[in-house]
1. Where Rh is the Kirkwood radius over the Cα pairs of the stretch 65-186, the temperature 25 °C and the viscosity 0.890 mPa s, what D in µm²/s does Stokes-Einstein return?
2. I'd like the accessible area for residue 151, computed on protein heavy atoms only with a 1.4 Å probe and all protein chains in place. Round to 10 Å², please.
3. When the chain is modelled as a GNM with alpha-carbon springs shorter than 10 Å, which of 87, 51, 242 fluctuates the most?
4. For the stretch 160-237, what is the Kirkwood estimate of the hydrodynamic radius, computed as the reciprocal of the mean inverse distance between distinct Cα atoms, to one decimal in Å?
5. Keeping the other protein chains in place, figure out the carbon and sulfur percent of the accessible area of the stretch 26-181, with a 1.4 Å probe.
6. Expressed as a rounded percentage, what relative contact order does the stretch 9-54 have, with Cα pairs under 8 Å and six or more residues apart?
7. When the scattering of the stretch 129-271 is computed by the Debye formula from its Cα atoms alone, each counted once and equally, what is log10 I(q)/I(0) at q = 0.22 Å⁻¹?
8. Need one value: the accessible area of residue 103 in square angstrom, 1.4 angstrom probe, rounded to the nearest 10.
Amino acid sequence: MPSLNVNGIELYYEEYGHGDEVIISAQSHFEEECYQKDIAKMSDKYKVYLITLRGYGKSTHVYEDLGNRWLDIWADDIYQFSRLIGIDQFIYTGVSHGAGVGWYLSLKYPESIRAFISVVGVPHDRSGGDTSKQRLETIAGAGKANFEGPTFFMVPTEDPVRKKRQDEIRKNRIKSFREMSEEELRIHVRKPFPECKTNEELAEKLSEVKVPTLLLCGCQDDIISADISFLAAKSVPGAKSIFYQDHSHTLAAEARELVANDVLQFLKGLRDRKTVENNR
């Protein structure tokens, strides 16, 4: 798969599907099976680009701490990527830190974002400082032998499909973190919008988002709480929000087909609304 020179660094990416509408998603890494690929399989309307963020994997690595600028720089990278491949408008979706990129894109480049879909990616609660507990665990694990990644909660289940997927998530997480270089593990991404010191300030910031937004949230998420997700749901103008009662931060991996279907339904609603408006 190809790389593209963007803002002086190389971004590795993969592309799927052949539709006219473009979906871009960016992460530190993507699973072999993910909802973004499912979207390209389930609909012929979308072409999907999966981009490995600066600092990770086959993209250019970074050996300095960019402080509060990580998400801002990542958003600039994705925006410039879209320009270089000739895309004026695109749909952006991401999981967790990948969704963090989408919040910055939506505020910095709203004219380029047709829609934003956040999957367990609402900006963190302001309590506990400007860095999440799991990110601090990851940084602390850099340089340690056999580091298996930060801890997180998965909802106990008797569903055989989900149990199998949870086992796969654990195995893939361990494999992924053991394969990461020390500089990857040391990437110190702060919570989105660290300038917002209280949840009230965060709500005011989110009220500035003007692009169509879908929030997919896990009620049992121990990283992005249901409470802070509900605050975002109330704050982002016109946002649609879906809360999955029996899912946690692993929502995208455990229920990727359900996530893909909900994303497609949301995008269909946007197309239908546009058709009605054009016919008035």
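The values are calculated or read from the model by the stated rules, or taken from the named source; none is laboratory data. Note that the coordinates shown come from a computational prediction; the quantities given were computed from them, not determined experimentally. Positions of Cβ are generated from backbone atoms using ideal geometry, with glycine treated the same way; all protein chains shown enter the neighbour counts. With ligands, DNA and RNA removed, areas are computed over all heavy atoms of the protein, side chains included. Shrake-Rupley method; radii C 1.70, N 1.55, O 1.52, S 1.80 Å.
1. 147 µm²/s
2. 80 Å²
3. Checking each option, the largest mean-square fluctuation is seen for 87.
4. 15.6 Å
5. Result for the stretch 26-181: 50 percent of the exposed heavy-atom area is carbon or sulfur.
6. Computed over the stretch 9-54, the figure is 59 percent.
7. For the requested q values the scattering log ratios are -1.32.
8. Its heavy atoms expose roughly 0 Å² to the probe.
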